[in-house]
Structure formats: C-alpha cells, structure tokens
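Engineer: Can you keep this structure in mind? I'll have questions shortly.
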Amino acid sequence: MITLIKNADVYAPKSLGKQSILLLNDKISKIGDFNEDVLEQLGVEYKVVDAEGAAVTPGFIDPHVHLLGGGGEGGFATRTPEIQLSDLLKSGITSVAGLIGTDGTTRHLTSLLAKARGLEIEGVSTYIYTGNYDVPTPTFTNNVKDDAILIDKVIGTAEIAISDSRSGQPSVHELAKIVGQTRVGGMLSGKAGITHFHTGPGKAYLSILHQLLDEYELPASNLHVTHITRSKELFDDAIKLASRGSFVDITADDKTYKWISYYKENKGDLSKLTLSSDGNGSLPSFNERGELLSLGVASTRTLYDQVIETIKDGYLTIEEALNLATLNTATALKLENKGMIDVGKDADLLVISKENFEIQHVFSKGKHMIEEGELLIKGTFE
C-alpha cells in the first residue's frame with residue numbers, strides 16, 4: 001500500500017517544517033517535496049492524506065501497559081480488564097510494552113505473550129517484559145536471561161517492585177542478579193535487556209538502586225524506573241539517578257506537565273526521561289497502615305493528554321515534549337525503527353490538529369487505523 005501525507009508540519013520529533021511523507025507498505029519511503037502526478041503515472045493504488053493545518057509526529061510508544069489488566073489488591077472483584085486495540089489507537093499509541101504487576105499468580109506470562117501477539121496481528125507493535133513485582137520473579141524458562149534470548153517479544157524484566165509493601169523485599173544482591181542476567185540476555189539477543197522498576201511510596205526511595213550502581217559493575221542505562229512522582233523527595237532522587245545514566249519514567253496523570261517542568265528546572269537530563277500511562281493498571285490508594293482506601297483504573301489516554309498539556313504549558317519546546325513519548329522511549333527500549341520520522345523507519349505516525357490538538361489520523365506500520373478521528377480498525381471482539 002502506498003500513502004502520501006502532504007502539507008504536513010513534520011515533527012520527527014525534531015521540526016522539519018512543511019513536508020510530504022511517502023509511506024510504502026510499513027516503512028517511510030521518502031520525506032520532502034513529492035509530485036503527486038508521479039503516483040498517478042505509476043498506475044498503482046495509492047491514498048492521499050492532506051494534513052494542511054496539522055502536525056505529523058511519530059506514533060507514541062508506551063513502555064508500561066497492563067495488557068491483561070492489573071489490580072486485585074481489593075480482592076478478585078477488583079481485577080481490572082484487558083486492554084483493547086481501540087484504547088491504544090485513540091491514545092495515539094502505536095507501540096506498547098506489556099507487563100504483569102502485583103499479581104503473578106492468576107495472571108501468567110504465557111497469557112501476556114498471547115495477548116501481545118494478538119494485538120500485533122490487530123495492528124500495533126508489541127513487546128513484553130518477563131517477571132512481575134516478586135523476587136524471585138516468574139519467568140517463562142528458568143531465568144530472565146533465557147527468557148530474553150528465547151522468547152521473541154521479551155525485551156527485559158518488569159516490574160520489579162522496590163520501596164513498596166507489595167514487593168518481594170529484595171536485597172541489593174538479588175536485584176543485581178536480575179539486572180545482570182537481563183542485560184546479558186539483551187546483549188545475546190540484540191534487545192534492550194532493560195530492568196523496569198516499580199517504585200512504591202516507601203521512604204527508602206531509590207537508595208537500593210544507587211547502592212546497586214555503587215557496588216556492582218552494571219551500566220546505569222539498563223535501569224528504567226517508573227512511578228517517580230509519588231513525592232518530591234522521590235522525584236529528586238530520580239533526577240539524581242538519571243544523572244548517573246539511568247532512564248526514569250513518569251506515570252502520566254493530571255499533574256504530569258508540572259512535574260516535567262520541575263524536572264527541567266532542576267537540570268534533570270531530559271534525554272533520560274520517558275512517559276507512560278500504566279494503562280489498565282489499578283490505581284490503589286492506601287492509608288499509613290497499608291490498608292486499601294480506594295481503587296481506580298489507569299487510562300492509556302493520559303499519556304497523550306499529558307504530552308499535549310506539556311506542549312501547551314510552554315516550558316518545554318514541542319520537540320522536547322514529543323521526545324518523552326517517542327525518541328526517548330525508543331532509545332531506552334532499543335527500538336531502532338521506532339520513535340522517529342525518517343526514511344527506512346517504521347511508518348508509525350500521528351496527524352494532530354494544530355487547532356484543537358485532537359488526533360485526526362493514526363498510521364501503525366503503514367496501515368491507516370484512524371481517519372478523520374474515526375476508527376477504521378477495531379479489535380477482533382470490539
């Protein structure tokens with residue numbers, strides 16, 4: 001399939017000005033001036049999207065989504081539902097990394113793998129992490145290294161919990177073994193080999209990860225730490241961890257754009273900051289005694305909304321704001337064909353109205369998924 005997107009203000013995420021983009025099957029074939037008459041002369045089927053008055057950006061990458069649902073902290077009736085294809089597309093997400101959270105007993109890695117493969121068939125790019133909160137953590141094989149090597153979609157281990165009453169209360173040595181094995185598995189399979197950490201509200205903050213970097217010969221870039229906005233103290237510690245070379249991740253909510261401004265004001269390394277939605281994960285609230293007070297469900301849409309709020313806030317440039325959900329995440333997860341608009345990269349694109357910031361079109365692997373704000377493709381059972 002050939003698609004020409006014309007008259008677009010292209011953010012790759014770096015601004016390229018007004019350009020045309022030619023998509024050939026699932027790849028970006030050409031960027032620049034393009035004579036539409038050439039397509040007519042070829043006598044082949046093609047589609048033209050006029051993006052006048054709109055910006056074209058890379059499709060968003062969400063590094064933290066509960067594809068099978070999450071929760072259960074309030075009992076079996078509080079388990080949240082599985083993600084649907086339309087949830088991702090309406091949120092501008094064309095690539096997603098799925099994980100298991102607290103419950104590694106009734107939610108299985110094999111089911112996560114099957115769900116990811118199903119979503120891939122339906123039209124988005126999917127990846128998964130082995131493991132869950134626990135240490136020792138569940139795996140497909142005997143260890144996280146073999147999972148990364150032998151299971152095609154496994155790019156790392158997640159979400160290992162620290163500073164949280166629900167974690168496996170791991171020692172620094174136990175964490176070092178997981179990070180080391182995951183890294184080697186990534187090296188041998190050509191994947192990220194990243195360990196993605198859930199951070200709870202505990203007063204230890206990220207001290208165990210600083211200790212890990214101090215005491216073990218492990219690269220900081222193999223750490224990716226999320227939920228860092230639970231407190232100012234935790235957030236300041238995350239800025240310090242990013243200065244050592246680790247990736248840190250903000251779980252999007254209605255105050256995210258303010259945290260991002262604070263991160264930049266305090267000289268946080270913007271190239272190490274990513275955003276995620278925690279989509280379909282539970283949002284539990286506990287009191288000081290660890291008792292559950294309330295429970296909500298995270299929406300994937302928060303990722304898109306907070307990127308837009310960050311752009312509107314104006315403290316970051318448009319390019320800097322877009323990086324947080326595109327290029328930075330692709331770098332952290334070593335997704336070489338994602339996160340950029342460039343020749344040869346995957347044709348994952350959003351066309352966004354510059355007037356109201358609504359998503360007009362979504363292309364995932366070159367396939368037109370949303371047109372003029374309407375879903376063209378839905379999940380099999382939607």
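Engineer: Could you list, in their original order, any pairs among Lys345/Lys367; Lys30/Lys354; Lys6/Lys27; Lys338/Lys367 whose Cα atoms are separated by more than 21 Å? Intermediate results must be reported in sequence, preceding the final value.
Structural biologist: Values: Lys345/Lys367 14 Å; Lys30/Lys354 23 Å; Lys6/Lys27 16 Å; Lys338/Lys367 15 Å.
Table pairs above 21 Å Cα-Cα are Lys30/Lys354.
Engineer: On a 1.4 Å probe surface of the protein chains, which of Asp152, Asp164, Asp146 comes out largest in accessible area, and what is the full order? If you can, show how the numbers build up before the last one.
Structural biologist: Working: Asp152 95, Asp164 10, Asp146 40 Å².
So the residues, ranked largest to smallest area, are Asp152, Asp146, Asp164.
Engineer: Can you sort Lys255, Lys345 by solvent-accessible area, 1.4 Å probe, largest first? Please list the in-between numbers first.
Structural biologist: Values: Lys255 110, Lys345 45 Å².
Result, largest first: Lys255, Lys345.
Engineer: Let me know the volume per residue of the alpha-carbon convex hull for segment 58-161, in Å³. Intermediate values should be presented prior to the final figure.
Structural biologist: Values: hull volume 10.4 nm³, N = 104.
In segment 58-161, the Cα convex hull volume per residue is 100 Å³.
Engineer: Summarise the long-distance tail of P(r) for the chain by giving the % of C-alpha pairs beyond 27 Å. Walk me through the numbers before you get to the answer.
Structural biologist: On the way: 33660 of 72771 pairs.
When all Cα pairs of the chain are counted, 46 percent exceed 27 Å.
Engineer: Determine the calculated [θ] at 222 nm for the chain from helices alone, applying -39500 (n - 2.57) to every DSSP H run no shorter than 4 residues and normalising by the residue count; nearest 500 deg cm²/dmol. Please list the in-between numbers first.
Structural biologist: On the way: 11 runs with 108 residues, N = 382.
Result for the chain: -8000 deg cm²/dmol, rounded to the nearest 500.
Engineer: Working from the pairwise distances between different alpha carbons, so that the mean of 1/r is found and then inverted, what is segment 122-200's Kirkwood radius in Å? List each step's numbers first, then the result.
Structural biologist: Values: mean 1/r = 0.0806 Å⁻¹.
Hydrodynamic radius (Kirkwood, Cα only) of segment 122-200 equals 12.4 Å.
Engineer: Using a 1.4 Å probe on the protein heavy atoms only, what accessible surface does Ile31 show? Give it in Å² to the nearest 10.
Structural biologist: Rounded to the nearest 10, the figure is 40 Å².
Engineer: Output the direction-averaged projected area (hull surface divided by four) of the convex hull of the alpha-carbon atoms of segment 1-99, in nm². Display every interim value, and only then the final one.
Structural biologist: Values: hull surface 33.8 nm².
Quarter of the Cα hull surface area: 8.5 nm².
Engineer: Please list, in chain and number order, the residues 5+ apart from Phe197 or on another chain whose amide H is under 5 Å from its amide H, with Hs placed from the backbone.
Structural biologist: Result for Phe197 returns His224, Val225, Thr226.
Engineer: Where does segment 332-382 land on Rg/Rh, using Cα atoms and the Kirkwood Rh? Let's see the in-between values first.
Structural biologist: Details: Rg = 12.8 Å, Rh = 12.3 Å.
So for segment 332-382, dividing Rg by the Kirkwood Rh gives 1.04.
Engineer: With every protein chain present, what accessible area does Val248 have (1.4 Å probe, heavy atoms only), rounded to the nearest 10 Å²?
Structural biologist: The value for Val248 is about 0 Å².
Engineer: Under a 5 Å amide H to amide H cut-off, with H placed in plane at 1.01 Å, what residues pair with Lys27 once short-range neighbours are removed?
Structural biologist: The list, which skips near neighbours in sequence, is Ala347.
Engineer: Here is a further query. Which shape class applies to segment 249-382: rounded if a/c is under 1.5, otherwise prolate when a/b exceeds b/c and oblate if not, where a ≥ b ≥ c are the square roots of the Cα gyration tensor eigenvalues? Don't skip to the answer; put the middle values down first.
Structural biologist: Details: a/c = 1.76, a/b = 1.26, b/c = 1.40.
Oblate.
Engineer: Next question, about the same structure. To check you understand DSSP bridge types, tell me what percent of the beta bridges within the chain (both residues inside) are antiparallel, rounded to 5. Intermediate results must be reported in sequence, preceding the final value.
Structural biologist: Values: 34 of 68 bridges.
Looking only at bridges with both residues in the chain, the antiparallel portion is about 50 percent.
Engineer: Under a cut-off of 17 Å between alpha-carbon atoms, report the lysines in cross-link reach of Lys203, not counting same-chain residues fewer than 8 places apart.
Structural biologist: Of all the lysines, those that pass the test against Lys203 - Cα under 17 Å, at least 8 places apart if same chain - are Lys232, Lys240.
Engineer: Residue by residue through segment 59-75, what is 3J(HN,Hα) from phi via Karplus (6.51 cos²θ - 1.76 cosθ + 1.60, θ = phi - 60°)? Round to whole Hz and write x for glycine and proline.
Structural biologist: x, 6, 10, 9, x, 8, 9, 8, 4, 8, x, x, x, x, 5, x, x
Engineer: From the P(r) of segment 190-335, can you give the percent of Cα pairs sitting at distances over 28 Å?
Structural biologist: Numbers: 1832 of 10585 pairs.
Tail fraction, whole percent: 17.
Engineer: Could you check how much of the accessible area of segment 315-358 is carbon and sulfur, as a whole percent, using a 1.4 Å probe? Each step should come with its number before you reach the end.
Structural biologist: Values: 850 of 1770 Å².
The computed percentage sits at 48.
Engineer: OK, next. Going out from 0 in 10 Å bins, what whole percent of all Cα-Cα distances in segment 79-131 drops into each bin?
Structural biologist: The calculated distribution, bin by bin, is 23, 56, 20, 0.
Engineer: Give me the Debye-computed log₁₀ of I(q)/I(0) at q = 0.09, 0.10, 0.13, 0.15 Å⁻¹ for segment 163-272, equal point scatterers on Cα only, no solvent, two decimals.
Structural biologist: -0.23, -0.28, -0.48, -0.63
Engineer: Taking only protein heavy atoms into account and a 1.4 Å probe, give the accessible area per residue of the chain in Å². Working shown, then result.
Structural biologist: Working: 15760 Å² over 382 residues.
Averaged over the residues of the chain, the accessible area is 41 Å².
Engineer: Leaving out ligands, DNA and RNA, what percent of the accessible area of segment 50-119 is carbon and sulfur, probe 1.4 Å?
Structural biologist: Carbon and sulfur together cover 53 percent of it.
Engineer: Here's a follow-up. Under a cut-off of 18 Å between alpha-carbon atoms, report the aspartates and glutamates in cross-link reach of Lys378, not counting same-chain residues fewer than 8 places apart.
Structural biologist: Glu82, Asp87, Glu120, Glu122, Asp348
Engineer: Rounded to the nearest whole Å³, what is the per residue volume of the convex hull around the Cα atoms of segment 3-52?
Structural biologist: On the way: hull volume 3.6 nm³, N = 50.
Output value, Cα hull per residue: 72 Å³.
The values are calculated or read from the model by the stated rules, or taken from the named source; none is laboratory data. Here the structure is a predicted model, which is why all the values come from computation and not from measurement. Accessible surface is based on the protein model in full, side chains and every heavy atom, while ligands, DNA and RNA are left aside. Shrake-Rupley method; radii C 1.70, N 1.55, O 1.52, S 1.80 Å.
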